[in-house]
1. Could you report the chain's accessible area per residue, 1.4 Å probe, as an integer in Å²?
2. Quick one: grab the alpha carbon gyration tensor of segment 22-229, order the square roots of its eigenvalues as a ≥ b ≥ c, and give me rounded if a/c is under 1.5, else prolate or oblate depending on whether a/b is larger than b/c.
3. Select from SER19, SER163, SER77 the residue whose mean-square fluctuation is largest in a Gaussian network model of the chain (Cα-Cα springs shorter than 10 Å).
4. In whole Å, how far is the Cα centre of segment 252-282 from that of segment 1-78?
5. If I compute solvent accessible area with a 1.4 Å probe over the protein chains, what percent of it on segment 22-229 is carbon and sulfur?
6. Restricting to the chain, compute how many DSSP beta bridges are antiparallel as a %, nearest 5.
7. Taking the Cα atoms of the chain alone, what are Rg (to one decimal) and Dmax (as a whole number) in Å?
8. Mean-square fluctuation check for the chain, GNM, Cα pairs under 10 Å: which of VAL18, VAL277, VAL111 is largest?
Amino acid sequence: MSSYFIDGGSPLYGDVVVSGSKNAALGIIAGAMLLDGPCQIENVPDISDVLKIIDICRDLGARLELENGVLHVDPTSINTTTAVSQRVRDIRASYYLLGALLGRSQHEAKVALPGGCNFGTRPIDQHVKGFEALGAEATISYGNIEVRASRLVGDHIYFDKTSVGATINLMIAAAKAEGTTTIVNAAREPHIVDVANFLNTMGARIRGAGTDVIRITGVPVLPGRASYPIIPDQIEAGTYMIAVAAARGDVTVRNLIPKHMEPLSIKLEEMGVGIEVGEDSIRVRRNGTRPLRATAFKTMPYPGFPTDLQPQSTVLLCHAHGTSTMHETVWDNRFQYVDDLKMMGAQIEVRDHIAMIKGPTQLTAARIEARDLRAGAALVIAGLAALGRTEVFSVELIERGYEHFVDKLQQLGASIVRSESC
Ligand code: UD1
(Lines give C-alpha, C1' and ligand atoms only; values in the text may rest on other atoms or scores of the structure.)
Protein backbone atom coordinates (compact mmCIF):
# COMPACT_ATOMS: atom_id res chain seq x y z
CA MET A 1 0.00 0.00 0.00
CA SER A 2 1.44 3.38 -0.99
CA SER A 3 0.69 6.96 0.00
CA TYR A 4 0.93 10.47 -1.38
CA PHE A 5 2.19 13.12 1.03
CA ILE A 6 0.95 16.55 0.02
CA ASP A 7 2.04 19.87 1.53
CA GLY A 8 -0.99 21.95 0.65
CA GLY A 9 -1.60 25.61 0.19
CA SER A 10 0.56 26.37 -2.88
CA PRO A 11 -1.13 27.57 -6.08
CA LEU A 12 -0.53 25.61 -9.32
CA TYR A 13 1.13 27.22 -12.35
CA GLY A 14 2.19 26.08 -15.82
CA ASP A 15 0.98 23.56 -18.39
CA VAL A 16 -0.24 20.00 -18.05
CA VAL A 17 -0.75 17.57 -20.94
CA VAL A 18 -3.72 15.21 -20.79
CA SER A 19 -3.16 11.50 -21.57
CA GLY A 20 -5.29 9.13 -23.64
CA SER A 21 -8.72 8.27 -22.28
CA LYS A 22 -8.79 5.36 -19.83
CA ASN A 23 -12.36 4.38 -20.54
CA ALA A 24 -11.93 4.65 -24.31
CA ALA A 25 -8.72 2.59 -24.11
CA LEU A 26 -10.46 -0.19 -22.17
CA GLY A 27 -13.31 -0.43 -24.69
CA ILE A 28 -11.00 -0.19 -27.68
CA ILE A 29 -8.48 -2.79 -26.47
CA ALA A 30 -11.31 -5.24 -25.68
CA GLY A 31 -12.96 -4.37 -29.01
CA ALA A 32 -9.69 -5.16 -30.79
CA MET A 33 -10.15 -8.78 -29.71
CA LEU A 34 -12.89 -8.97 -32.33
CA LEU A 35 -10.60 -8.22 -35.27
CA ASP A 36 -9.47 -10.64 -37.95
CA GLY A 37 -6.10 -8.94 -38.40
CA PRO A 38 -3.55 -6.94 -36.41
CA CYS A 39 -3.93 -3.27 -35.56
CA GLN A 40 -2.13 -0.44 -33.81
CA ILE A 41 -3.65 1.76 -31.11
CA GLU A 42 -1.96 5.10 -30.31
CA ASN A 43 -2.11 7.42 -27.29
CA VAL A 44 -2.63 4.47 -24.91
CA PRO A 45 -2.25 5.61 -21.28
CA ASP A 46 0.25 3.73 -19.11
CA ILE A 47 -2.07 3.10 -16.15
CA SER A 48 -2.77 -0.05 -14.19
CA ASP A 49 -6.30 -0.69 -15.54
CA VAL A 50 -4.96 -0.61 -19.09
CA LEU A 51 -2.00 -2.84 -18.21
CA LYS A 52 -4.47 -5.28 -16.64
CA ILE A 53 -6.72 -5.52 -19.69
CA ILE A 54 -3.61 -6.00 -21.85
CA ASP A 55 -2.59 -8.96 -19.64
CA ILE A 56 -6.14 -10.36 -19.74
CA CYS A 57 -6.08 -10.21 -23.56
CA ARG A 58 -2.67 -11.95 -23.57
CA ASP A 59 -4.21 -14.71 -21.43
CA LEU A 60 -6.72 -15.24 -24.26
CA GLY A 61 -3.82 -15.96 -26.62
CA ALA A 62 -3.68 -12.52 -28.30
CA ARG A 63 -0.32 -10.79 -28.81
CA LEU A 64 -0.05 -7.25 -27.43
CA GLU A 65 3.02 -5.02 -27.05
CA LEU A 66 2.90 -1.53 -25.53
CA GLU A 67 5.77 0.76 -26.51
CA ASN A 68 5.76 4.52 -25.74
CA GLY A 69 2.00 4.80 -25.81
CA VAL A 70 1.57 2.70 -28.97
CA LEU A 71 -0.09 -0.68 -28.54
CA HIS A 72 0.54 -3.30 -31.22
CA VAL A 73 -2.26 -5.85 -31.16
CA ASP A 74 -2.57 -9.15 -32.95
CA PRO A 75 -5.73 -10.98 -31.88
CA THR A 76 -5.55 -13.67 -34.58
CA SER A 77 -3.93 -16.13 -32.15
CA ILE A 78 -6.84 -16.03 -29.64
CA ASN A 79 -7.61 -19.63 -28.71
CA THR A 80 -10.41 -19.44 -26.14
CA THR A 81 -13.84 -17.96 -25.49
CA THR A 82 -13.37 -18.03 -21.71
CA ALA A 83 -11.91 -15.36 -19.40
CA VAL A 84 -12.49 -16.18 -15.74
CA SER A 85 -9.19 -15.40 -13.96
CA GLN A 86 -8.87 -13.17 -10.89
CA ARG A 87 -7.47 -10.44 -13.14
CA VAL A 88 -10.74 -10.41 -15.05
CA ARG A 89 -12.65 -9.90 -11.80
CA ASP A 90 -10.38 -7.01 -10.82
CA ILE A 91 -11.55 -4.56 -13.47
CA ARG A 92 -15.03 -3.51 -14.44
CA ALA A 93 -14.28 -3.13 -18.12
CA SER A 94 -13.53 -6.83 -18.52
CA TYR A 95 -17.26 -7.19 -19.25
CA TYR A 96 -16.43 -5.90 -22.75
CA LEU A 97 -14.80 -9.28 -23.36
CA LEU A 98 -18.28 -10.80 -23.34
CA GLY A 99 -19.19 -8.74 -26.41
CA ALA A 100 -15.77 -9.25 -28.00
CA LEU A 101 -15.49 -13.02 -27.48
CA LEU A 102 -19.14 -13.64 -28.38
CA GLY A 103 -18.77 -11.49 -31.49
CA ARG A 104 -15.53 -13.25 -32.42
CA SER A 105 -16.86 -16.79 -32.04
CA GLN A 106 -20.47 -15.85 -32.95
CA HIS A 107 -21.49 -18.65 -30.54
CA GLU A 108 -20.22 -18.33 -27.00
CA ALA A 109 -18.32 -16.45 -24.34
CA LYS A 110 -17.75 -16.98 -20.63
CA VAL A 111 -16.40 -14.15 -18.49
CA ALA A 112 -15.97 -13.63 -14.74
CA LEU A 113 -18.44 -11.12 -13.32
CA PRO A 114 -16.59 -7.82 -13.12
CA GLY A 115 -15.36 -5.85 -10.12
CA GLY A 116 -14.13 -2.24 -10.32
CA CYS A 117 -14.98 0.75 -8.14
CA ASN A 118 -17.50 0.08 -5.38
CA PHE A 119 -20.04 2.88 -5.52
CA GLY A 120 -23.29 0.99 -5.33
CA THR A 121 -24.93 -1.91 -7.07
CA ARG A 122 -23.58 -2.34 -10.57
CA PRO A 123 -26.05 -4.56 -12.45
CA ILE A 124 -25.43 -5.79 -15.99
CA ASP A 125 -29.06 -6.55 -16.90
CA GLN A 126 -28.98 -4.17 -19.88
CA HIS A 127 -25.92 -5.94 -21.32
CA VAL A 128 -27.77 -9.24 -20.96
CA LYS A 129 -30.93 -7.77 -22.52
CA GLY A 130 -28.87 -6.71 -25.52
CA PHE A 131 -27.14 -10.09 -25.98
CA GLU A 132 -30.52 -11.82 -25.75
CA ALA A 133 -31.90 -9.54 -28.47
CA LEU A 134 -29.05 -10.77 -30.70
CA GLY A 135 -30.18 -14.36 -30.09
CA ALA A 136 -27.92 -15.38 -27.20
CA GLU A 137 -28.94 -17.01 -23.94
CA ALA A 138 -27.21 -15.81 -20.79
CA THR A 139 -26.64 -17.76 -17.57
CA ILE A 140 -24.87 -16.69 -14.41
CA SER A 141 -23.27 -19.32 -12.20
CA TYR A 142 -20.27 -19.63 -9.87
CA GLY A 143 -19.50 -15.91 -10.32
CA ASN A 144 -19.23 -16.14 -14.09
CA ILE A 145 -21.56 -15.09 -16.88
CA GLU A 146 -21.90 -17.26 -19.94
CA VAL A 147 -23.63 -16.35 -23.21
CA ARG A 148 -24.44 -18.87 -25.94
CA ALA A 149 -26.03 -18.49 -29.36
CA SER A 150 -26.49 -20.71 -32.41
CA ARG A 151 -25.84 -17.54 -34.43
CA LEU A 152 -25.94 -13.80 -33.76
CA VAL A 153 -28.60 -11.88 -35.67
CA GLY A 154 -29.07 -8.10 -35.49
CA ASP A 155 -32.27 -6.77 -33.89
CA HIS A 156 -33.81 -3.76 -32.19
CA ILE A 157 -32.44 -3.16 -28.66
CA TYR A 158 -34.10 -0.69 -26.31
CA PHE A 159 -32.13 0.07 -23.17
CA ASP A 160 -34.35 0.75 -20.15
CA LYS A 161 -31.43 2.63 -18.60
CA THR A 162 -28.72 4.66 -20.33
CA SER A 163 -25.61 2.57 -19.84
CA VAL A 164 -22.14 3.37 -21.13
CA GLY A 165 -20.95 -0.19 -20.67
CA ALA A 166 -23.99 -1.85 -22.27
CA THR A 167 -23.84 0.51 -25.26
CA ILE A 168 -20.16 -0.29 -25.90
CA ASN A 169 -20.61 -4.01 -25.26
CA LEU A 170 -23.47 -4.27 -27.72
CA MET A 171 -21.70 -2.22 -30.41
CA ILE A 172 -18.81 -4.68 -30.13
CA ALA A 173 -21.02 -7.80 -30.10
CA ALA A 174 -23.14 -6.62 -33.04
CA ALA A 175 -20.26 -5.49 -35.28
CA LYS A 176 -20.04 -8.98 -36.88
CA ALA A 177 -23.63 -10.15 -36.33
CA GLU A 178 -25.85 -10.88 -39.34
CA GLY A 179 -28.01 -7.92 -40.43
CA THR A 180 -28.58 -4.63 -38.66
CA THR A 181 -28.74 -3.93 -34.93
CA THR A 182 -30.38 -0.74 -33.68
CA ILE A 183 -29.62 0.45 -30.15
CA VAL A 184 -32.22 2.89 -28.84
CA ASN A 185 -31.57 5.00 -25.72
CA ALA A 186 -27.85 4.51 -26.24
CA ALA A 187 -25.39 6.37 -24.01
CA ARG A 188 -23.54 9.25 -25.73
CA GLU A 189 -20.27 9.60 -23.81
CA PRO A 190 -17.18 10.66 -25.79
CA HIS A 191 -15.57 7.25 -25.37
CA ILE A 192 -18.59 5.57 -26.99
CA VAL A 193 -17.92 7.62 -30.10
CA ASP A 194 -14.24 6.71 -29.83
CA VAL A 195 -14.90 2.96 -29.65
CA ALA A 196 -17.27 3.25 -32.65
CA ASN A 197 -14.67 5.25 -34.62
CA PHE A 198 -12.02 2.66 -33.79
CA LEU A 199 -14.21 -0.25 -34.92
CA ASN A 200 -15.17 1.65 -38.11
CA THR A 201 -11.50 2.31 -38.86
CA MET A 202 -10.99 -1.46 -38.58
CA GLY A 203 -13.83 -2.21 -41.03
CA ALA A 204 -17.07 -2.06 -39.00
CA ARG A 205 -20.21 -0.16 -40.07
CA ILE A 206 -21.51 1.73 -37.03
CA ARG A 207 -23.55 4.89 -37.50
CA GLY A 208 -25.03 7.31 -34.97
CA ALA A 209 -22.55 6.91 -32.08
CA GLY A 210 -22.79 10.10 -30.02
CA THR A 211 -26.59 10.19 -30.47
CA ASP A 212 -29.13 8.06 -28.61
CA VAL A 213 -29.79 5.79 -31.62
CA ILE A 214 -26.89 3.72 -32.94
CA ARG A 215 -27.17 1.48 -36.02
CA ILE A 216 -24.69 -1.31 -36.55
CA THR A 217 -24.65 -3.18 -39.85
CA GLY A 218 -22.82 -6.43 -39.27
CA VAL A 219 -19.83 -7.30 -41.46
CA PRO A 220 -18.44 -10.84 -41.88
CA VAL A 221 -14.82 -9.80 -41.51
CA LEU A 222 -13.09 -6.99 -39.61
CA PRO A 223 -9.73 -6.78 -41.35
CA GLY A 224 -7.98 -4.41 -38.92
CA ARG A 225 -4.56 -3.53 -40.40
CA ALA A 226 -4.93 0.13 -39.44
CA SER A 227 -3.80 2.53 -36.75
CA TYR A 228 -6.11 4.48 -34.44
CA PRO A 229 -5.34 7.25 -31.88
CA ILE A 230 -7.36 7.28 -28.63
CA ILE A 231 -9.05 10.57 -27.63
CA PRO A 232 -7.78 12.59 -24.64
CA ASP A 233 -9.20 11.69 -21.22
CA GLN A 234 -12.15 13.93 -20.36
CA ILE A 235 -12.04 13.00 -16.68
CA GLU A 236 -8.29 13.43 -16.28
CA ALA A 237 -8.54 16.87 -17.94
CA GLY A 238 -11.43 17.79 -15.67
CA THR A 239 -9.54 16.66 -12.58
CA TYR A 240 -6.68 19.08 -13.35
CA MET A 241 -9.12 21.89 -14.12
CA ILE A 242 -10.81 21.41 -10.75
CA ALA A 243 -7.45 21.08 -8.96
CA VAL A 244 -6.41 24.54 -10.22
CA ALA A 245 -9.76 26.02 -9.25
CA ALA A 246 -9.45 24.57 -5.73
CA ALA A 247 -5.74 25.19 -5.06
CA ARG A 248 -5.73 28.50 -7.04
CA GLY A 249 -3.21 29.43 -9.75
CA ASP A 250 -3.05 29.68 -13.53
CA VAL A 251 -2.70 26.49 -15.57
CA THR A 252 -3.26 25.60 -19.21
CA VAL A 253 -4.59 22.07 -19.56
CA ARG A 254 -3.41 20.89 -22.99
CA ASN A 255 -4.38 18.12 -25.40
CA LEU A 256 -8.07 18.01 -24.58
CA ILE A 257 -11.26 18.32 -26.60
CA PRO A 258 -12.96 21.52 -25.32
CA LYS A 259 -16.43 20.28 -26.36
CA HIS A 260 -16.07 17.30 -24.00
CA MET A 261 -15.24 19.70 -21.17
CA GLU A 262 -18.28 21.97 -21.59
CA PRO A 263 -20.35 20.47 -18.76
CA LEU A 264 -17.46 21.31 -16.39
CA SER A 265 -16.20 24.55 -17.96
CA ILE A 266 -19.66 26.09 -17.72
CA LYS A 267 -20.04 25.17 -14.04
CA LEU A 268 -16.56 26.50 -13.20
CA GLU A 269 -17.37 29.81 -14.91
CA GLU A 270 -20.63 29.95 -12.99
CA MET A 271 -18.60 29.67 -9.80
CA GLY A 272 -16.31 32.51 -10.83
CA VAL A 273 -13.29 30.54 -12.08
CA GLY A 274 -11.52 32.08 -15.11
CA ILE A 275 -11.82 29.81 -18.16
CA GLU A 276 -10.23 30.54 -21.56
CA VAL A 277 -10.97 27.96 -24.21
CA GLY A 278 -8.36 27.34 -26.94
CA GLU A 279 -8.44 24.96 -29.89
CA ASP A 280 -7.21 21.96 -27.90
CA SER A 281 -6.54 23.49 -24.50
CA ILE A 282 -8.27 25.29 -21.64
CA ARG A 283 -6.59 27.87 -19.43
CA VAL A 284 -7.95 27.83 -15.86
CA ARG A 285 -7.29 30.78 -13.55
CA ARG A 286 -8.23 31.58 -10.01
CA ASN A 287 -6.39 34.19 -7.98
CA GLY A 288 -6.22 34.49 -4.22
CA THR A 289 -8.74 37.25 -3.79
CA ARG A 290 -11.68 36.25 -5.95
CA PRO A 291 -14.37 34.40 -3.95
CA LEU A 292 -16.05 31.32 -5.46
CA ARG A 293 -19.85 31.32 -5.75
CA ALA A 294 -21.92 28.43 -4.41
CA THR A 295 -23.86 26.49 -7.04
CA ALA A 296 -25.87 23.33 -7.73
CA PHE A 297 -24.47 20.31 -9.60
CA LYS A 298 -26.38 17.28 -10.85
CA THR A 299 -24.62 14.29 -12.39
CA MET A 300 -26.16 12.85 -15.55
CA PRO A 301 -25.19 10.83 -18.60
CA TYR A 302 -23.29 12.86 -21.24
CA PRO A 303 -23.76 15.68 -22.19
CA GLY A 304 -24.79 16.12 -18.55
CA PHE A 305 -22.27 16.62 -15.78
CA PRO A 306 -20.07 13.47 -15.48
CA THR A 307 -20.44 11.42 -12.31
CA ASP A 308 -16.70 10.69 -12.57
CA LEU A 309 -16.02 14.38 -11.77
CA GLN A 310 -18.49 14.43 -8.87
CA PRO A 311 -16.09 13.82 -5.93
CA GLN A 312 -13.51 16.31 -7.27
CA SER A 313 -16.22 18.96 -7.74
CA THR A 314 -17.55 18.43 -4.21
CA VAL A 315 -14.08 19.30 -2.89
CA LEU A 316 -14.18 22.51 -4.90
CA LEU A 317 -17.64 23.38 -3.56
CA CYS A 318 -16.18 23.35 -0.01
CA HIS A 319 -14.36 26.54 -1.05
CA ALA A 320 -17.43 28.37 -2.39
CA HIS A 321 -19.31 31.04 -0.42
CA GLY A 322 -22.77 29.84 0.59
CA THR A 323 -24.55 26.47 0.37
CA SER A 324 -24.00 24.33 -2.70
CA THR A 325 -25.61 21.06 -3.66
CA MET A 326 -24.24 18.02 -5.43
CA HIS A 327 -26.97 15.67 -6.66
CA GLU A 328 -25.68 12.22 -7.72
CA THR A 329 -28.17 10.56 -10.07
CA VAL A 330 -26.00 7.90 -11.73
CA TRP A 331 -24.66 5.82 -8.82
CA ASP A 332 -26.45 5.04 -5.56
CA ASN A 333 -23.45 5.11 -3.20
CA ARG A 334 -20.86 7.59 -4.41
CA PHE A 335 -20.42 9.83 -1.37
CA GLN A 336 -18.22 7.53 0.72
CA TYR A 337 -15.34 10.02 0.60
CA VAL A 338 -17.43 12.69 2.39
CA ASP A 339 -16.38 11.36 5.81
CA ASP A 340 -12.75 11.90 4.83
CA LEU A 341 -13.48 15.47 3.76
CA LYS A 342 -15.27 16.06 7.07
CA MET A 343 -12.05 15.02 8.84
CA MET A 344 -10.43 17.88 6.94
CA GLY A 345 -13.06 20.30 8.24
CA ALA A 346 -15.58 20.20 5.37
CA GLN A 347 -19.20 20.95 6.26
CA ILE A 348 -21.17 18.44 4.22
CA GLU A 349 -24.45 16.67 4.91
CA VAL A 350 -25.61 13.88 2.62
CA ARG A 351 -29.31 13.08 2.39
CA ASP A 352 -30.49 10.47 -0.06
CA HIS A 353 -28.42 11.23 -3.16
CA ILE A 354 -27.78 14.90 -2.47
CA ALA A 355 -24.80 16.39 -0.66
CA MET A 356 -25.27 19.87 0.83
CA ILE A 357 -21.98 21.66 1.15
CA LYS A 358 -21.54 24.78 3.29
CA GLY A 359 -18.61 27.03 2.56
CA PRO A 360 -16.16 28.50 2.40
CA THR A 361 -14.06 26.14 4.50
CA GLN A 362 -10.30 26.26 4.80
CA LEU A 363 -9.58 22.52 4.72
CA THR A 364 -6.85 21.24 7.02
CA ALA A 365 -4.55 18.27 6.54
CA ALA A 366 -5.50 14.73 7.59
CA ARG A 367 -4.54 11.09 6.96
CA ILE A 368 -7.21 9.81 4.59
CA GLU A 369 -7.89 6.79 2.39
CA ALA A 370 -8.44 6.72 -1.37
CA ARG A 371 -11.54 4.51 -1.44
CA ASP A 372 -11.91 4.49 -5.20
CA LEU A 373 -10.26 6.02 -8.24
CA ARG A 374 -12.09 9.36 -8.52
CA ALA A 375 -12.69 9.78 -4.78
CA GLY A 376 -8.94 9.29 -4.38
CA ALA A 377 -8.21 12.02 -6.92
CA ALA A 378 -10.67 14.27 -5.09
CA LEU A 379 -8.80 13.77 -1.81
CA VAL A 380 -5.54 14.71 -3.52
CA ILE A 381 -7.20 17.96 -4.65
CA ALA A 382 -8.38 18.49 -1.07
CA GLY A 383 -4.80 17.97 0.10
CA LEU A 384 -3.48 20.48 -2.45
CA ALA A 385 -5.88 23.14 -1.14
CA ALA A 386 -5.52 22.27 2.57
CA LEU A 387 -3.23 23.75 5.20
CA GLY A 388 -0.57 21.31 6.38
CA ARG A 389 0.66 17.87 5.27
CA THR A 390 -2.05 15.48 4.05
CA GLU A 391 -1.42 11.77 3.58
CA VAL A 392 -3.64 9.99 1.09
CA PHE A 393 -3.13 6.24 1.36
CA SER A 394 -4.12 3.31 -0.92
CA VAL A 395 -3.10 5.44 -3.89
CA GLU A 396 -2.85 2.35 -6.12
CA LEU A 397 -6.56 2.95 -6.69
CA ILE A 398 -5.78 6.43 -8.08
CA GLU A 399 -3.07 5.02 -10.32
CA ARG A 400 -5.66 2.80 -12.02
CA GLY A 401 -6.70 5.89 -13.97
CA TYR A 402 -4.17 8.75 -13.83
CA GLU A 403 -0.96 8.51 -15.85
CA HIS A 404 2.09 10.06 -14.12
CA PHE A 405 -0.22 11.80 -11.63
CA VAL A 406 2.50 12.80 -9.16
CA ASP A 407 4.92 13.95 -11.91
CA LYS A 408 2.26 16.06 -13.60
CA LEU A 409 1.25 17.73 -10.33
CA GLN A 410 4.90 18.32 -9.39
CA GLN A 411 5.43 20.02 -12.76
CA LEU A 412 2.64 22.42 -11.79
CA GLY A 413 4.52 23.25 -8.60
CA ALA A 414 2.58 21.02 -6.20
CA SER A 415 4.45 19.66 -3.23
CA ILE A 416 3.48 15.99 -3.52
CA VAL A 417 5.59 12.85 -3.11
CA ARG A 418 4.77 9.17 -3.36
CA SER A 419 6.01 6.81 -0.75
CA GLU A 420 5.63 3.11 -0.04
CA SER A 421 4.05 2.62 3.37
CA CYS A 422 3.35 -0.45 5.39
C1 UD1 B 1 -18.83 3.68 -17.01
C2 UD1 B 1 -17.49 4.18 -16.57
C3 UD1 B 1 -17.59 4.74 -15.14
C4 UD1 B 1 -18.66 5.81 -15.08
C5 UD1 B 1 -19.97 5.30 -15.65
C6 UD1 B 1 -21.03 6.39 -15.77
C7 UD1 B 1 -16.00 2.68 -17.79
C8 UD1 B 1 -15.03 1.57 -17.71
N9 UD1 B 1 -16.55 3.06 -16.61
O10 UD1 B 1 -19.21 2.63 -16.11
O11 UD1 B 1 -16.33 5.29 -14.80
O12 UD1 B 1 -18.87 6.19 -13.72
O13 UD1 B 1 -19.78 4.76 -16.97
O14 UD1 B 1 -20.58 7.43 -16.58
O15 UD1 B 1 -16.24 3.26 -18.84
N16 UD1 B 1 -26.99 0.08 -15.07
C17 UD1 B 1 -28.04 -0.79 -14.99
N18 UD1 B 1 -27.98 -1.94 -15.73
C19 UD1 B 1 -26.93 -2.22 -16.56
C20 UD1 B 1 -25.86 -1.32 -16.63
C21 UD1 B 1 -25.91 -0.18 -15.87
O22 UD1 B 1 -29.00 -0.57 -14.25
O23 UD1 B 1 -26.95 -3.27 -17.21
C24 UD1 B 1 -27.01 1.32 -14.26
C25 UD1 B 1 -25.87 1.41 -13.24
O26 UD1 B 1 -26.20 0.77 -12.05
C27 UD1 B 1 -25.72 2.92 -13.09
C28 UD1 B 1 -26.06 3.46 -14.49
O29 UD1 B 1 -26.80 2.42 -15.14
O30 UD1 B 1 -26.66 3.39 -12.17
C31 UD1 B 1 -24.87 3.81 -15.35
O32 UD1 B 1 -24.04 2.69 -15.49
P33 UD1 B 1 -23.09 2.49 -16.76
O34 UD1 B 1 -23.23 3.69 -17.65
O35 UD1 B 1 -23.32 1.16 -17.33
O36 UD1 B 1 -21.67 2.53 -16.08
P37 UD1 B 1 -20.39 1.65 -16.48
O38 UD1 B 1 -20.37 1.42 -17.95
O39 UD1 B 1 -20.28 0.48 -15.58
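1. Per-residue accessible area for the chain comes out at 38 Å².
2. Rounded is the answer for segment 22-229, as its axis ratio a/c remains below 1.5.
3. SER77
4. Result: 25 Å between the Cα centres.
5. The nonpolar share, carbon plus sulfur, comes to 47 percent.
6. About 70 percent, rounded to the nearest 5.
7. Final numbers for Rg and Dmax: 21.4, 67 Å.
8. VAL277
The values are calculated or read from the model by the stated rules, or taken from the named source; none is laboratory data. A quick note: this is a predicted structure, and the numbers were derived from the prediction, not measured. Just the protein is used for accessible areas: all its heavy atoms, side chains included, with ligands, DNA and RNA removed. Shrake-Rupley method; radii C 1.70, N 1.55, O 1.52, S 1.80 Å.
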